Amino acid sequence: MKNIGIAFTGGGTGGHINPLLAVAEETKKVFSSLPDVNLKMCYFGNPGAFSSEFGKLEIEIVPVINVKFRRYFSLENVLDILKTPFALIVAFWKVFWKMPDILFSKGGPGALPVVLAAYFFRVPIFIHESDSIPGMTNSISAGFAKRIAVSFTKALEFFDEKKTALVGNPIRPFLLEKEGDLDQTKAKKVMGFDPNLPLILVLGGSQGAVRINDFMLDNAKEFVSRYQVLHQTGTANFDAFKTELAVATKNFIAEERNRYKIIDFFRGDLKETLIASNLIISRAGSNSIFEIAYFKKPSILIPLKEAARNHQYYNAYEYAKRGGCLVIEEDNLKPSIFFSQLNTILSDKNKYQSMIEKIGDFAKPQAAAIIAKEIARMVVGS
């Protein structure tokens, strides 16, 4: 029986963790089919709210010190510079004791010291970049990596073409599972919505989106006069939004109030929600874009202005080239512009269907499986 150790690193938000977990799950499947292999997986990082997800996959959590590398001025940079030597010592020590056969990195806070330690001990490194513009950690890690996978075509410009492949963004496996005969009409009924009225799903990422939340509150009447809304506010924003929504809708008739439902954060019910929706309003994080594309839902993307290296802006426009979404930048997030676009999409059946068709195969649902197979190839050969 051969012992094989697979290590993962990368974190900060669901944008890093969810694709990493998707790859880990597929990796487990690949190695389970290999004879005489005893697979052990570990994660170097601090998963926060995702700890239980690592536990389900029997992935040992090995805590490290998070340091974030920023390309902009911030007083936090000083603190992280002071933390870096300690983070490196911890990473070197823990990688030495685990000594995995390969390290898969998603980048983000805490990942670079682990990458450097793995490189020092000659552990093969495989990185994945979710965004169209690489973050600083992956930009540096690329020089130490044997293989690089990217989600967007634009990201190919930033890496060595000899070791880089366009594979897409790993999608959480539960979203890829077939849902029997559940269609949009049935999904709406299950969730308590009118199957005959368009349902707009609002996503702000795992952290929520305050400016999108404010826009929705200010224009709640316009939304519910013609549509239904299911709005993910973000866990930290939920209580405040619930209170403000009650005030904003107090003079609405009961039917209109019932058309606007909120949730803090989607968990196991996200797939049913995506099936039920007619159109999605979202930030332009890579996870959101690829999940929207997989379910072939027309969308309006509102990139976060403060995203590192403005990557959400480039993500949004890279996806928009397909024609399956519209992009409205925050400076242009005005009711007249927004509702003109929204109403056109949902009232013009030909335009709506055309957007669905143009999404095509953008999602690349096999991304996690492709990466897992490459991890196995790098460890045990073809």
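The values are calculated or read from the model by the stated rules, or taken from the named source; none is laboratory data. Since this is a predicted model, take the numbers as computed values, not measurements. Cβ sites come from the backbone with ideal geometry, for glycine too, and all protein chains shown count toward neighbours.
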Subject >> Given (1) of a type outside the set (Phe, Trp, Tyr); (2) part of a loop (DSSP other than H, G, I, E, B); (3) modelled with pLDDT of 90 or more, number of the condition residue 207 does not satisfy >> reply: (3)
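Hey, any hits in the range 337-345 for a residue that's assigned to a loop (DSSP other than H, G, I, E, B) and in contact (Cβ under 8 Å) with a residue 12 or more places away in the chain? Give the derivation first.
Applying the first criterion (assigned to a loop (DSSP other than H, G, I, E, B)) to the range 337-345 yields none.
Among the residues of the range 337-345, not one is assigned to a loop (DSSP other than H, G, I, E, B) and in contact (Cβ under 8 Å) with a residue 12 or more places away in the chain, which makes the answer no.
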**OP:** Looking only at the range 243-266, decide whether some residue is among the small types (Gly, Ala, Ser), out of contact with any Leu (no Cβ under 8 Å at 6 or more places or on another chain) and part of a loop (DSSP other than H, G, I, E, B).
**Re:** no
Original post:
Which residue out of 31, 44 is surrounded by 14 or more Cβ atoms within 10 Å (Cβ to Cβ), within 22 Å of residue 83 (Cβ to Cβ) and among the aromatic types (Phe, Trp, Tyr)?
Top reply: 44
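In the range 267-297, what residues are part of a helix (DSSP H, G or I), among the hydrophobic types (A, V, I, L, M, F, W, C), surrounded by 23 or more Cβ atoms within 10 Å (Cβ to Cβ) and under 16 Å from the mean Cα position of the chain (by Cα)? Can you show your working first?
Within the range 267-297, the subset part of a helix (DSSP H, G or I) is 270-276, 286-294.
Cutting the leftovers down to among the hydrophobic types (A, V, I, L, M, F, W, C) gives us 270, 274-276, 289-290, 292-293.
Keeping just the survivors that are surrounded by 23 or more Cβ atoms within 10 Å (Cβ to Cβ) gives 276, 289-290, 292-293.
Those that are part of a helix (DSSP H, G or I), among the hydrophobic types (A, V, I, L, M, F, W, C), surrounded by 23 or more Cβ atoms within 10 Å (Cβ to Cβ) and under 16 Å from the mean Cα position of the chain (by Cα): 289, 290, 292, 293.
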**OP:** Please go through the range 313-328 and pick out each residue that is surrounded by 22 or more Cβ atoms within 10 Å (Cβ to Cβ) and under 23 Å from residue 230 (Cα atoms).
**Re:** 316, 324, 325
Subject >> Leading residue by the ranking (nearest to residue 235 (Cα to Cα)) among those in the range 28-54 that are of a type in the set (Phe, Trp, Tyr) and part of a helix (DSSP H, G or I) >> reply: 50
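Pull up the range 192-208, narrow it to residues that are closer than 29 Å to residue 366 by Cα and of a type in the set (A, V, I, L, M), then point me to the one that is surrounded by the most Cβ atoms within 10 Å (Cβ to Cβ).
Looking at the filtered set, the residue picked out is 203.
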**OP:** Name the single residue, out of those in the range 329-341 being over 24 Å from the mean Cα position of the chain (by Cα) and among the hydrophobic types (A, V, I, L, M, F, W, C), that is surrounded by the fewest Cβ atoms within 10 Å (Cβ to Cβ).
**Re:** 337
Original post:
Residue check: is residue 105 small (Gly, Ala, Ser), in contact with a Lys or Arg (Cβ under 7 Å, 6 or more places away or on another chain), under 30 Å from residue 373 (Cβ atoms) and modelled with pLDDT of 95 or more?
Top reply: no
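Check 154, 94, 98, 162 and return the single one that is surrounded by fewer than 16 Cβ atoms within 10 Å (Cβ to Cβ) and in the same structural domain as residue 48 (by TED's automatic domain parsing). Talk me through it step by step, then tell me what you get.
Values: 154 fails: surrounded by fewer than 16 Cβ atoms within 10 Å (Cβ to Cβ); 94 fails: surrounded by fewer than 16 Cβ atoms within 10 Å (Cβ to Cβ); 98 fails: surrounded by fewer than 16 Cβ atoms within 10 Å (Cβ to Cβ).
Of 154, 94, 98, 162, the one residue that is surrounded by fewer than 16 Cβ atoms within 10 Å (Cβ to Cβ) and in the same structural domain as residue 48 (by TED's automatic domain parsing) is 162.
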Original post:
Mind checking which residues of the range 165-183 are under 21 Å from residue 268 (Cβ atoms) and surrounded by 15 or more Cβ atoms within 10 Å (Cβ to Cβ)?
Top reply: 169, 170, 171, 172, 173, 175, 176
Original post:
Taking residue 171, is it touching a helix residue (DSSP H, G or I) at 6+ places or on another chain (Cβ under 8 Å), assigned to a loop (DSSP other than H, G, I, E, B) and at pLDDT 95 or above?
Top reply: yes
Original post:
In the range 84-129, what residues are touching a Gly at 6+ places or on another chain (Cβ under 8 Å) and part of a loop (DSSP other than H, G, I, E, B)?
Top reply: 99, 100, 101, 106, 107, 108, 109, 110
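Being in a helix (DSSP H, G or I) and either within 16 Å of the chain's Cα centre (by Cα) or surrounded by 24 or more Cβ atoms within 10 Å (Cβ to Cβ) (or both) is the filter here; which residues of the range 130-146 pass it? Before the answer, list the steps.
First pass over the range 130-146, keeping only residues in a helix (DSSP H, G or I): 136-144.
Result: 137, 138, 141.
Is there a residue being in a loop (DSSP other than H, G, I, E, B), outside the structural domain of residue 145 (by TED's automatic domain parsing) and under 30 Å from residue 50 (Cα atoms) anywhere in the range 216-233? Steps first, please.
Residues of the range 216-233 that are in a loop (DSSP other than H, G, I, E, B), as a first pass: 219, 225-227, 233.
Still in the list and also outside the structural domain of residue 145 (by TED's automatic domain parsing): 219, 225-227, 233.
Remaining after also requiring under 30 Å from residue 50 (Cα atoms): 233.
Yes, there is a match, as at least one residue in the range 216-233 is in a loop (DSSP other than H, G, I, E, B), outside the structural domain of residue 145 (by TED's automatic domain parsing) and under 30 Å from residue 50 (Cα atoms).
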Original post:
In the set 340, 347, 354, 286, which member is among the hydroxyl-bearing types (Ser, Thr, Tyr) and more than 23 Å from residue 274 (Cβ to Cβ)?
Top reply: 340
